[in-house]
1. So if the hydrodynamic radius of the range 38-190 is defined as the Kirkwood radius over C-alpha pairs, what does Stokes-Einstein give as its diffusion coefficient at 4 °C and 1.567 mPa s, in µm² per second?
2. Set the Förster distance to 22 Å, then compute FRET efficiency between residue 46 and residue 92 from the Cβ-Cβ distance, nearest 0.05.
3. Using the scaling law 2.2 N^0.38 Å as the reference, what is the normalised Cα Rg of the range 206-267?
4. Of all the C-alpha pairs in the range 106-308, what % are more than 29 Å from each other?
5. Pull out the extension gain between residue 241 and residue 60, defined as 0.36 nm times the separation in residues minus the alpha carbon to alpha carbon distance; nm, one decimal.
6. If eta is 0.692 mPa s and T is 37 °C, what Stokes-Einstein diffusion coefficient results for the range 194-239, Kirkwood Rh from Cα pairs, in µm²/s?
7. Using a ≥ b ≥ c from the Cα gyration tensor of the range 2-103 (square roots of the eigenvalues), is it rounded, prolate or oblate, where a/c under 1.5 gives rounded and otherwise the larger of a/b and b/c decides, a/b for prolate?
8. With just the Cα atoms defining each centre, how far is the range 215-281 from the range 95-129? Give it in Å.
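Quick note: the coordinates plus some simple rules give every number you see, no bench work behind them. Keep in mind it's a predicted model, so treat the numbers as computed, not measured. Heads up, the Cβs are rebuilt from the backbone with ideal geometry, glycines too, and the neighbour counts pull from every protein chain shown.
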């Protein structure tokens, strides 16, 4: 599908420049935002391609969505971690609220899970544990984040799941989409009966609508890791009500009972991380990451994991690396070529867009607490 960038053709719904970035082409769209490919220059003069996340045109005057968007932007602007998608700039340009983010090229863990499932194969357990450990590193960093005065933000992601974990073609692991994150600095307020996050990955305390802390994020990550290493869904059922009941019950099958080669050491870590009572879980994401890294080290060489990640992406999606490399090369050359009027968005979305669909409605907890 081609998107015209000819300046003589009026396209009022697509911005031409946001902040320090020229807008090249739309590459994704979701429930709350649209993603454009943008190009600008770093202070040293080098060119930079970015993903420009822009609040959807029809929502740009909706106070609730604007507040959510700006809350996310403010949180992201304080983060700098190798396993969190970088944010370069945010602001409002000609009534367009935008966030300039790191352009990630690769696949989400959900994409990888689906591709593996279709081929009836799975990741090595130590490789899956290494990926989860990098996400845990990112979560611990976010959980420890402070405001300008050094006060804790008490940030909780609330939506850790395979669709928000990204594997780049270089073999890096990135956690992204803090759009539903809860922190002490947010302006947006939660609504009774609205639970933030995808149902099959919620923690029992989220379903019970109890006050949350960082241990909900580690539970969601552990649910993801259990699924990555078993190639089975843990709590997802045929309908939402059954899924919520499964999450609330918190019964986690022992993979070793069905998979003779499943490492006992990994199950020991997961059993603790998936404890229904959060007081029995790891106290911090750093503690979980440490146990996972120890397991990976006991199985072989952690240093090979980035290369293995890249190798698996190439095997699952043959030809995609070259296709995306060429697409980005064309994007870098775009607007420097005389007479060039269009750019074709053939590359799959590098950064999926989160939407309001990740907020789920369940019956509110009775005032009495029963």
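1. Working: Rh = 16.9 Å.
D = 76 µm²/s.
2. On the way: r = 26 Å, r/R0 = 1.19.
Efficiency, rounded to the nearest 0.05: 0.25.
3. On the way: Rg = 12.9 Å, N = 62, 2.2 N^0.38 = 10.6 Å.
Normalised Cα radius of gyration, the range 206-267: 1.22.
4. Numbers: 4130 of 20503 pairs.
The proportion of pairs with Cα distances above 29 Å equals 20 percent.
5. Numbers: separation 181, 0.36 × 181 = 65.16 nm, distance 3.34 nm.
Stretched fully, the residue 241-residue 60 segment lengthens by 61.8 nm.
6. In µm²/s, the coefficient rounds to 294.
7. On the way: a/c = 1.85, a/b = 1.09, b/c = 1.70.
Note, shape of the range 2-103 comes out oblate.
8. Measuring centre to centre over Cα atoms gives 20 Å.
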